[in-house]
Every structure is written in C-alpha cells, then in structure tokens.
Amino acid sequence: MIKPMTSEHKGAVLEMMRVFYASPAVLSNGSEEIFNNDINNCINDNPYLEGYVFEENGEIQGYAMVAKSFSTEFGLPCIWIEDLYFKPEFRGKGLGGEFFAYLDEKYPGTIMRLEAEEENERAIHVYKKCGFDVLPYMELKKIN
C-alpha cells in the first residue's frame, strides 16, 4: 500500500536512504543533514516535495520522494521522481509499476522525469515498461 510519509516513518526512511545513497544507483552519497532535511520537508507539508512509503501489514517495503516543478522544455507541470527505493526482498514484485500508476492517476497532464545510472539496467527496464523514454542526456521522461 502506498501511504504518505509521516513522522512515524522517519527512522525507517532514514535507514533506507543511507542504503540507497551508498549504492551504485546514486552518484552522490548524501549526508545525514540532507537526509533529515529531505524527510522533514516530506512530512511538514512542503508544497514542492512529497514523501511516500510502501507498507504492507505494518512492514515498510520502500520509500519514494517526489518533487513538483514546471518544465519549460515540455510546457507542462513536472513531477520529478527524486528517490525510489525498495528493500531487496521486495524488488521485482511490481511495486514500482504500482507507484507509477498511482502518480499517473494523481497527476494527469504532467511530465514525469527521473534519473538513472546507465548501469542500473533492471530499474531502466522497469521505467521503460512504465512508459518512460530515454532523453539524450540520460534522463527518462513520461508525458501523461
């Protein structure tokens, strides 16, 4: 189940961010200060950042952070999928596709963008399967 991130999720999300940002999927390592700032902005109604957790039977499976802006390149409101992380045991279960379908419904008439490392072939496969196209500067986009 996709749920808005709340203060009760802070510890679990912080733990997952540490793993995600230390992985080859992300070029920067982040910092505790950045992680805490991101989470606090997600749970404190920042109009530009939303946080989500994937939870089933009280178990957190992953998290996502989405930033809102406008793309002059496409002339549309823009939803940037900033972070999308699932614990290893929950990968390959369709949660990513479920999240993109959720965003499609929540934000019609927008362009969705995200970044991926070229080596992250599994994630890129999922993104393409969900309708994203590769941009020449290695961003993926999806127009709803």
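The values are calculated or read from the model by the stated rules, or taken from the named source; none is laboratory data. For clarity, every value in this text was computed on a predicted model and none was experimentally measured. Backbone-built Cβ (ideal geometry, glycine too); neighbour counts: all protein chains shown. We work out accessible area using only protein heavy atoms, side chains counted, and drop any ligands, DNA or RNA first. Shrake-Rupley method; radii C 1.70, N 1.55, O 1.52, S 1.80 Å.
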Flagged pairs (Cβ under 8 angstrom, 6 or more apart or on separate chains; first in the range 33-50, on the phi < 0 side of the Ramachandran plot and open to solvent by 50 Å² or more (accessible area, probe 1.4 Å); second part of a helix (DSSP H, G or I) and at pLDDT 95 or above) are Tyr48/Asn41
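State all residues of the range 56-70 that are open to solvent by less than 30 Å² (accessible area, probe 1.4 Å), touching a residue at least 24 places away in the same chain (Cβ under 8 Å) and out of contact with any His (no Cβ under 7 Å at 6 or more places or on another chain); if no residue qualifies, say none.
Taking the range 56-70 first, the residues open to solvent by less than 30 Å² (accessible area, probe 1.4 Å) are 60-67.
Imposing the further condition that a residue be touching a residue at least 24 places away in the same chain (Cβ under 8 Å) reduces the set to 60-66.
Gln61, Gly62, Tyr63, Ala64, Met65, Val66, listed by residue number.
For the range 71-85, which residues satisfy the criterion of being under 23 Å from Asn37 (Cβ atoms) and either surrounded by fewer than 15 Cβ atoms within 10 Å (Cβ to Cβ) or in contact with a Lys or Arg (Cβ under 8 Å, 6 or more places away or on another chain) (or both)? Steps first, answer last, please.
Of all residues in the range 71-85, those under 23 Å from Asn37 (Cβ atoms) come to 78-85.
Scanning the range 71-85 gives Cys78, Ile79, Trp80, Ile81.
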If we keep only residues of the range 103-127 that are more than 22 Å from Met1 (Cβ to Cβ) and among the basic types (Lys, Arg), then the residue least open to solvent (accessible area, probe 1.4 Å) is Arg113
With criteria (1) farther than 19 Å from Ser28 by Cα; (2) in a helix (DSSP H, G or I); (3) open to solvent by 30 Å² or more (accessible area, probe 1.4 Å), Phe100 comes up short on (3)
